[in-house]
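A short worksheet on the structure shown next.
What follows is calculated from the coordinates using simple rules that are stated; it is not laboratory data. Keep in mind it's a predicted model, so treat the numbers as computed, not measured. Cβ coordinates were reconstructed from backbone atoms using ideal geometry, including for glycine residues, and neighbour counts include every protein chain displayed.
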Amino acid sequence: MQFQLTEEQAMIQQLAADFARQEIAPLAAQADRDQQFHVPLQQQALALGLLNIAMPEAYGGAGLGSLEVVLVTEQLCRACLGLGTTLCVNALAAEPILLGGSEEQKQQWLPRLTRDGEFASFALTEPGAGSDAAGIRTTAVRDGDSYVLNGSKMWISNASLASFFVVFAKTDPAAGHKGISAFIVERDSPGLTVGEPLGKLGQRAAPTCEVFFNDVRVPLAQRIGAEGEGFALAMRTFDQSRPMVAAFGLGLVQRCIDEALPYACERKSMGQRLIDHQAIAHKLAEMQIRLEASRLLTYQAAWQADQGQRNTLQASVAKAYTSDAAMWAASEAIQVLGGMGYSTEYPVEKLLRDAKVLQIYEGTSEIQRSIIAREMERNLAQGR
């Protein structure tokens with residue numbers, strides 16, 4: 001494995017860093033207060049080629065890989081996790097179509113993201129089925145050449161902005177996870193309703209909503225893959241997307257250092273700079289240690305995805321470790337700044353609020369550890 005970025009990778013990383021610093025960072029505090037995404041950012045990022053990076057060129061994307069997605073995501077989320085997340089999670093909705101969709105579906109739906117700059121949402125989680133994805137209760141009943149969907153989804157990212165949804169529903173409720181299928185559902189479908197954005201502790205600029213389905217009719221042509229393949233498709237999607245989600249936390253850990261290190265080098269206490277006190281210096285050093293470890297884990301998981309290798313174990317390790325590192329670093333950044341860290345005058349209190357959900361969505365830290373243990377057992381059985 002190469003530990004040096006290619007010239008192209010370094011260029012796209014720098015482009016993302018410049019965009020984040022110039023366009024996202026100045027909007028972050030106000031977007032958090034307003035609890036609203038700044039929609040023009042989408043078109044700006046799209047014009048610069050910072051979105052749809054891993055989408056094949058045939059569908060209007062850049063045709064790059066998961067590692068390039070991680071490089072860009074890290075920089076966008078370094079400036080603001082809420083705004084950065086909103087820009088990045090279209091990839092989550094596109095992935096099931098790329099992995100399981102027909103060529104006709106790819107040609108019909110993916111250019112709407114790459115060419116037209118539309119938003120889409122991945123709709124799996126429900127009020128009673130978060131970590132237990134197999135426990136979803138939304139149903140899809142076959143009726144001639146269409147399906148009728150009934151149920152509700154919860155915590156759906158970008159739902160208030162989305163023009164279509166990738167929805168997972170039970171086509172055979174008695175079959176458990178093997179009875180789940182995936183569908184592409186238009187936003188303007190009769191019977192589909194999107195609730196108001198939910199109030200949240202952090203990532204307030206990233207809209208998250210409930211979505212309701214009341215006899216929503218979906219054409220057979222909009223089912224992704226065969227009946228019963230939805231759960232496996234969702235799990236494969238997570239293997240691809242978890243390095244990106246790990247990069248959310250990676251950007252936040254870097255931002256914690258960006259805020260805490262200069263403050264510690266300038267602020268004096270008891271006749272010394274804060275960084276000259278060993279207790280503070282060690283906090284900063286530990287931040288750097290966890291940043292470097294998080295980055296290597298995340299880049300490895302992304303690299304494996306690009307090589308076509310099974311990365312379930314590494315993606316979960318990266319997601320779990322980086323999420324925990326982000327929460328720890330945000331708390332310690334507040335500690336370094338002391339009273340000012342607790343004040344809304346400085347951005348570190350926002351970093352703590354934004355960090356917490358990293359340990360919850362896309363599989364909780366506990367679920368990641370269960371996946372890791374399962375993969376360890378699988379590797380043992382295979383003699384690895």
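When the convex hull of the C-alpha atoms of segment 158-295 is computed, what volume per residue in Å³ does it have?
159
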Q: Find which of Ala174, Ala133, Ala205 sits farthest along the positive direction of the dipole of segment 119-230, computed with +1 on the beta-carbon of Lys and Arg, -1 on that of Asp and Glu, about the Cα centre.
A: Ala205
(Q) Given the -39500 (n - 2.57) contribution per DSSP H run of 4+ residues, what per-residue ellipticity at 222 nm results for the chain, rounded to the nearest 500 deg cm²/dmol? (A) -17000 deg cm²/dmol
**Q.** Positive-end residue of Gly338, Ile367, Ala320, charge dipole of segment 295-376 with Cβ unit charges
**A.** Ile367
Q.
I'd like to know how segment 7-114 sits against the 2.2 N^0.38 Å rule of thumb: what's its Cα Rg over that expected value?
A. 1.08
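Hey, could you get me the Stokes-Einstein D for the chain, Kirkwood radius over alpha-carbon pairs, 4 °C and 1.567 mPa s, rounded to whole µm² s⁻¹?
61
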Q. Given just the C-alpha atoms of segment 44-88, how large is their convex hull per residue in cubic angstrom?
A. 61
Q: Please report, in debye to the nearest 20, how large the charge dipole of segment 206-262 is about its Cα centre when each Lys and Arg carries +1 at its beta carbon and each Asp and Glu carries -1 there.
A: 120
Q: Kindly express, to the nearest 10 degrees and within the range 0 to 90, the angle between helix 312-337's C-alpha long axis and the longest C-alpha principal axis of the chain.
A: 40
Q | Cα-based Kirkwood hydrodynamic radius, segment 232-381, one decimal, Å | A | 16.2
(Q) Quick one: 3J(HN,Hα) in Hz for segment 176-188, Karplus 6.51/-1.76/1.60 with θ = phi - 60°, rounded, Gly and Pro as x. (A) x, 5, 7, x, 9, 10, 10, 9, 9, 10, 5, 4, 8
Q. What residues have an amide H closer than 5 Å to that of Met55, excluding those fewer than 5 places away on the same chain, when H is modeled at 1.01 Å from N in the peptide plane?
A. Ala62, Gly63, Leu64
(Q) With +1 on the Cβ of every Lys and Arg and -1 on the Cβ of every Asp and Glu, and nothing else charged, how large is the dipole of the chain about its Cα centre, in debye rounded to the nearest 20? (A) 700
Q. Once segment 122-236 is represented by equal point scatterers at the alpha-carbon sites, with solvent omitted, what log10 I(q)/I(0) does the Debye formula produce at q = 0.12 Å⁻¹?
A. -0.38
Q) Of the peptides 214-226, 87-99, how do they stack up when ordered by the mean number of other Cβ atoms within 10 Å, highest first? A) 87-99, 214-226
Q: Could you pull out every residue, at least 5 positions away or on a different chain, whose amide H is within less than 5 Å of the one on Phe119? Hs are placed 1.01 Å off N in the peptide plane, and Pro or chain starts have none.
A: Ser163
Q.
Under 29 Å between alpha carbons, and skipping anything fewer than 8 positions from Lys106 in its own chain: which lysines qualify?
A. Lys153, Lys170, Lys178, Lys319
**Q.** Degrees separating the helix 365-381 axis from the principal Cα axis of the chain, which is the longest one
**A.** 70
